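The values are calculated or read from the model by the stated rules, or taken from the named source; none is laboratory data. Here the structure is a predicted model, which is why all the values come from computation and not from measurement. Glycine gets a Cβ as well: all are built from the backbone with ideal geometry, and neighbour counts include every protein chain shown. Note: accessible area is taken over every heavy atom of the protein model, side chains too, but ligands, DNA and RNA are not part of it. Shrake-Rupley method; radii C 1.70, N 1.55, O 1.52, S 1.80 Å.
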Amino acid sequence: MSAVPVERPDTVTEGWRWTTMGEIAEVAGGGTPRTNDAANFENGDIPWLTPADLSGYTEKYIAHGARFITQKGIQSCAARLLSAGTVLFTSRAPIGYVAIARNPIATNQGFKSFVLHDGVLPEYVYWWLKGSKRRAESLANGTTFLELSGANAKKIAIPIAPLERQREIVAEIEKQFSRLDEAVANLNRVKVNLKRYKAAVLKAAMEGRLVEPATSVAWALERLEAVAEVQLGQQRAPVHAAASEQTAYVRAANVTWDGLDLSDVKFMGFPNIERYRLRVGDILLSEASGSPNEVGKPALWNGEIPNACYQKTLIRIRTDARLLTPRFVYYFFLHTCLTGQFARLAPGVGILHLTAERMLAWPTPVPPLAEQHRIVAEVDRRLSIVREVESEVDANLKRAQALRQATLAKAFAT
């Protein structure tokens, strides 16, 4: 990893000074009591943090984590009770989570915390460290994972402003971040609404309400085996010397909500693969998943790779072109998956299995072909707009993150 240079400009604003964390704070480590001694944890009332407690944590202050330890526990290890206002900083797995102790608290050895000297605001240091992950990582060592030692934590550079200016900087950062938080919340609400709209479009399509029917012919409802071939994929076999060609092997991991991601597809030789060879228009369903939201997730094969077969954890649906268009069936299964119908009927403990046998009997709508084409065209049109808006929302979320970093950089510019 390339080192991040320590910023020590030749000139700084009057009243500011460049220093290090070791000069403005006592650096405190932590420890873990023996977990096989119940007396270290049972009925404990001392808040005790691990880096996992800060994973996904977005508040500035923290009062406790998932576990508490006893007085015996804290005395039996290197942990110590840190005062309220201590800036807690994770030093491994990963480096760079930050929070301020709302009350006295202890940590495990995954922290190098800063007990600040007088004249330095915890909130000021908090915001500086929020933008200093790379600075800290550049001082860390380790082969299996990076770890920041206490000695190197002391070396983290920080510009110190006069106390009143610290208060102004904190107030300005939090004002700007409050605006960004509101903008991000609005963008996330748009994403949720887009997801709901997508589900509503698919629901209307599968209920015959999305387009006006061209005829009065009613939709049929057939067992899937009557209108399509249903075939479970093949178990991965050893590379076969007799195989005459290298075949792409599509796995359940390649099926995403945005289509097929074949960036890591493997090629190997298989004998007698005709039974499992994919054709344009084949629909692939995730047969097994540990997540109820993922079982039955569909993808449409568009011939992205000329020669491909598929894994046993995928079910291939090949429609009868005289009765069903592949894209209509793809949207039908997408609707089925998003509404949780697959998950409710997929048995299994831990891993849910859809099973090809169950799919044979799956009730499948069969509208007139002309109506299917019109439905697909309208769904395509509407979901294309959804994708465009989603792309713009995602771009704005990235801009918001970049603005956070720019705000911190500007706030501490000396």
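Give me a count of the residues in the range 306-345 that are within 25 Å of the chain's Cα centre (by Cα) and assigned to a loop (DSSP other than H, G, I, E, B).
The qualifying residues number 3.
Within the range 383-394, can one find any residue that is part of a strand (DSSP E or B), in contact with a Leu (Cβ under 9 Å, 6 or more places away or on another chain), of a type in the set (A, V, I, L, M, F, W, C) and surrounded by 13 or more Cβ atoms within 10 Å (Cβ to Cβ)? Can you show your working first?
Keep residues of the range 383-394 that are part of a strand (DSSP E or B), which gives none.
Among the residues of the range 383-394, not one is part of a strand (DSSP E or B), in contact with a Leu (Cβ under 9 Å, 6 or more places away or on another chain), of a type in the set (A, V, I, L, M, F, W, C) and surrounded by 13 or more Cβ atoms within 10 Å (Cβ to Cβ), which makes the answer no.
If you go through the range 39-53 one residue at a time, do you hit one that is touching a helix residue (DSSP H, G or I) at 6+ places or on another chain (Cβ under 8 Å), assigned to a loop (DSSP other than H, G, I, E, B) and open to solvent by 10 Å² or more (accessible area, probe 1.4 Å)?
So far as the range 39-53 goes, yes, one or more of its residues are touching a helix residue (DSSP H, G or I) at 6+ places or on another chain (Cβ under 8 Å), assigned to a loop (DSSP other than H, G, I, E, B) and open to solvent by 10 Å² or more (accessible area, probe 1.4 Å).
Go over the candidates 262, 314, 300 one by one and state the one that is buried (at least 21 other Cβ atoms within 10 Å of the Cβ) and either in contact with an Asp or Glu (Cβ under 8 Å, 6 or more places away or on another chain) or of a type outside the set (Lys, Arg) (or both). First the steps, then the outcome.
Numbers: 262 fails: buried (at least 21 other Cβ atoms within 10 Å of the Cβ); 300 fails: buried (at least 21 other Cβ atoms within 10 Å of the Cβ).
So the residue among 262, 314, 300 that is buried (at least 21 other Cβ atoms within 10 Å of the Cβ) and either in contact with an Asp or Glu (Cβ under 8 Å, 6 or more places away or on another chain) or of a type outside the set (Lys, Arg) (or both) is 314.
Look at the range 401-414 and say how many of its residues are loosely packed, with under 14 Cβ neighbours inside 10 Å and assigned to a helix (DSSP H, G or I).
If we filter the range 401-414 for residues that are loosely packed, with under 14 Cβ neighbours inside 10 Å, which is where we start, we get 401-402, 405-406, 409-410, 413.
Restricting the remaining residues to those that are assigned to a helix (DSSP H, G or I) gives 401-402, 405-406, 409-410.
So the count comes out to 6.
Which members of the range 152-170 meet the condition of being farther than 23 Å from residue 28 by Cα, among the aliphatic types (A, V, I, L, M) and part of a helix (DSSP H, G or I)? Give the derivation first.
To start, the set of residues in the range 152-170 that are farther than 23 Å from residue 28 by Cα comprises 161-170.
Imposing the further condition that a residue be among the aliphatic types (A, V, I, L, M) reduces the set to 161, 163, 169-170.
Within the range 152-170, 163, 169, 170 meet the criteria.
Assigned to a loop (DSSP other than H, G, I, E, B) and hydroxyl-bearing (Ser, Thr, Tyr): does that describe residue 32? Outline the logic, then answer.
Working: assigned to a loop (DSSP other than H, G, I, E, B): yes; hydroxyl-bearing (Ser, Thr, Tyr): yes.
Yes.
Taking residue 82 and the conditions (1) open to solvent by less than 20 Å² (accessible area, probe 1.4 Å); (2) more than 27 Å from residue 119 (Cα to Cα), which numbered condition does it fall short on, given that it satisfies the others?
Only one criterion in (1) open to solvent by less than 20 Å² (accessible area, probe 1.4 Å); (2) more than 27 Å from residue 119 (Cα to Cα) is unmet by residue 82, namely (2).
Does the range 107-122 hold any residues that are open to solvent by 40 Å² or more (accessible area, probe 1.4 Å) and of a type in the set (D, E, K, R), and which are they? Walk me through it before giving the result.
Within the range 107-122, the first condition is being open to solvent by 40 Å² or more (accessible area, probe 1.4 Å), and the residues that meet it are 109, 117-119.
Residue satisfying the conditions is 118 alone.
Considering only the range 279-295, how many residues are at pLDDT 95 or above, open to solvent by less than 50 Å² (accessible area, probe 1.4 Å) and part of a loop (DSSP other than H, G, I, E, B)?
Of the residues in the range 279-295, 2 are at pLDDT 95 or above, open to solvent by less than 50 Å² (accessible area, probe 1.4 Å) and part of a loop (DSSP other than H, G, I, E, B).
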